[in-house]
1. In percent, how large is the relative contact order of the chain, given Cα pairs closer than 8 Å and 6 or more residues apart?
2. Helix 35-44 against the longest principal axis of the chain: what's the angle in degrees, Cα atoms only, rounded to the nearest 10?
3. Report, to the nearest 10°, how far helix 65-76 tilts away from the longest principal axis of the Cα atoms in the chain, using its own Cα long axis and a range of 0 to 90°.
4. What's the ranking of 3-10, 57-64 by average number of surrounding C-beta atoms within 10 Å, highest first?
5. Under a no-solvent Debye model with one identical scatterer per Cα of the chain, what's log10 I(q)/I(0) at q = 0.10, 0.21 Å⁻¹?
6. Quick one: what does P(r) look like for the stretch 4-48 with 5 Å bins over all Cα pairs, in whole %?
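Read-outs throughout are calculated quantities, based only on the coordinates presented, and are distinct from any laboratory measurement. Please read all numbers here as calculations on a predicted model, not as lab measurements. Here the Cβ is made from the backbone with ideal geometry for all residues, glycine too, and neighbour counts use every protein chain on show.
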Amino acid sequence: MTSADAGTVPDPRPTLRTVHVPTLIVRGECDYLKWAVTDEYRRTLPESTLVYVRGAGHSIANGRPDLYRDLLMTFLLDRPLPLPPVTSADKPA
């Protein structure tokens with residue numbers, strides 16, 4: 001998919017709102033995307049958990065690989081995450 005496709009591809013959000021599977025959303029503190037985009041993912045996916053990674057950019061797997069791996073492994077194994085979930089629409093301070 002390219003940016004040119006964005007105008008022709010149907011909006012996936014209505015369908016995603018019906019998907020009820022645990023989903024992990026990982027957001028870096030220095031991500032170039034607007035916070036509203038991240039919050040929309042959180043609100044769109046009904047069983048999502050959002051975590052905020054300080055000191056990381058958009059590519060958390062490259063910037064904080066150990067923490068990224070820990071987040072994925074604990075989530076997949078249904079264990080407590082090493083970071084608290086973000087439940088507010090506001091960007092963490």
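1. Values: 108 pairs, mean separation 24.7, N = 93.
This gives 27 percent for the chain.
2. That works out to roughly 80 degrees.
3. Result, in degrees: 70.
4. Details: 3-10: 7.2, 57-64: 14.6.
For the peptides 3-10, 57-64, the packing ranking is 57-64, 3-10.
5. Scattering profile of the chain, log10 relative to I(0): -0.29, -1.15.
6. 5, 20, 23, 21, 20, 11, 1
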